[in-house]
Structure formats: C-alpha cells, structure tokens
Amino acid sequence: MKIRKATKKDLDALVELSYQLSMDQMNNCQVDFRLNKNFKTIQKRCISKDMKKRKNAFFVAEEAGEIVGYVSGKIEEDPPLYVDWKNGRVNGFYVKEGFRSKGLGKKLFAEMKKWFKKKKIKTIRLVVARCNIGAKRAYKSLGFGPADFEQWILKM
C-alpha cells in the first residue's frame, strides 16, 4: 500500500470516492441533504480547482494501482482576533469498504497532519454526522474530540 500526494491523474478516483462518501452519509445516517444530479461533474470541477490552490492538499492510498482511500484538507484563515486564527480543515476522508480497519486511515491522516504541521497549523477541524459512530470512533483514535460548539441549521 502506498500513500502519496494526489495528482491530476487521480481526479476521477477522487470524485468517485467523494461521491461514495456522500452516499454512505445519506444511506447510513439519513443525513438531511440530497445530491445534485450533476454531483460528479460539479465535484470534478471543484476538486480540480482546489488541487491547484496552495492552501489545499489531497492525499490518496493506492493498493495494486487502485485508489482505495483519500483525505483532503485546507487551511482556513479567520480574522487574526485569536492566537490560532489559522486552522486546518479536513474536507473529505474516505476509505473504501474492504480496506477499512487495516490502519489505512491512520496512514492517510498522518500525511495530512504532516502537511498541516509544515504549514504551522496547530488546530485541525472536521465535521462528522452525529449518527456516524464508525467515523467518530476512527476520528477519536486519531486524536480528535468533540468541539465546544454545535452546528445548528435553519431550513427555509
């Protein structure tokens, strides 16, 4: 198994994995959102653009030439009102079924964490569906814990 920085050649695999992540969230957790019928086309355009930005990073796990997992992150900057006004954000993190519970997620995240450290980031954030027990367990094993804030939403 090989963990490496994603390249343009990985774009289709990244789109497929991010689609699978979204489908898993919808099916397993009944997360309250619907995917656009053009999800893959739009996501391909977004990932392609994000891969060019210096504040973003994408890493993939490759097994026998197949991309079986990925993690993506970016640096977010708030106004410098606080000491830690630059934060890391994990945008996507997914390992294909059949490749889970083998340490692959830990290796992927280690690369992401190393990238954030090089950029002098001291706090990494992510969002996880409340009902996604497996992901919460995985994130806890990586050192994450719940934040002191809740996200609330108003549908209009």
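The values are calculated or read from the model by the stated rules, or taken from the named source; none is laboratory data. Since we're looking at a predicted model, the values are computed, not measured. Because the Cβ atoms are built from the backbone with ideal geometry, glycine has one as well, and the counts that use them run over all protein chains shown.
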Worksheet item: So which residues in the range 26-49 are among the basic types (Lys, Arg), modelled with pLDDT of 90 or more and outside any helix (DSSP H, G or I)?
Response: Lys37
Worksheet item: Is at least one residue of the range 58-71 farther than 19 Å from Ser18 by Cβ and within 14 Å of the chain's Cα centre (by Cα)?
Response: no
Item to complete: Run Ser22 past the list (1) in contact with a helix residue (DSSP H, G or I) (Cβ under 6 Å, 6 or more places away or on another chain); (2) among the small types (Gly, Ala, Ser); (3) at pLDDT below 95 and report the number of the one that doesn't hold.
Response: (1)
Worksheet entry | One residue from Lys49, Lys53, Lys5, Lys37 being surrounded by fewer than 16 Cβ atoms within 10 Å (Cβ to Cβ), at negative phi, over 17 Å from the mean Cα position of the chain (by Cα) and not hydroxyl-bearing (Ser, Thr, Tyr) | Lys37
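One line per residue, one yes/no per condition, for (1) more than 29 Å from Lys44 (Cβ to Cβ); (2) in contact with a His (Cβ under 8 Å, 6 or more places away or on another chain); (3) surrounded by 17 or more Cβ atoms within 10 Å (Cβ to Cβ):
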residue	(1), (2), (3)
Val83	yes, no, no
Lys86	no, no, yes
Tyr94	no, no, yes
Phe99	no, no, no
Leu104	no, no, yes
Met156	yes, no, no
Practice prompt. State all residues of the range 130-154 that are among the hydrophobic types (A, V, I, L, M, F, W, C), within 24 Å of Ile75 (Cβ to Cβ) and surrounded by 12 or more Cβ atoms within 10 Å (Cβ to Cβ); if no residue qualifies, say none.
Written response: Ala135, Ala138, Leu142, Phe144
Response to the item:
Ile121 vs (1) β-branched (Val, Ile, Thr); (2) within 24 Å of Ser18 (Cα to Cα); (3) in contact (Cβ under 8 Å) with a residue 40 or more places away in the chain: all pass except (2)
Item to complete: Give the number of residues within the range 125-137 that are touching a residue at least 12 places away in the same chain (Cβ under 8 Å), among the aliphatic types (A, V, I, L, M) and touching a helix residue (DSSP H, G or I) at 6+ places or on another chain (Cβ under 6 Å).
Response: 1
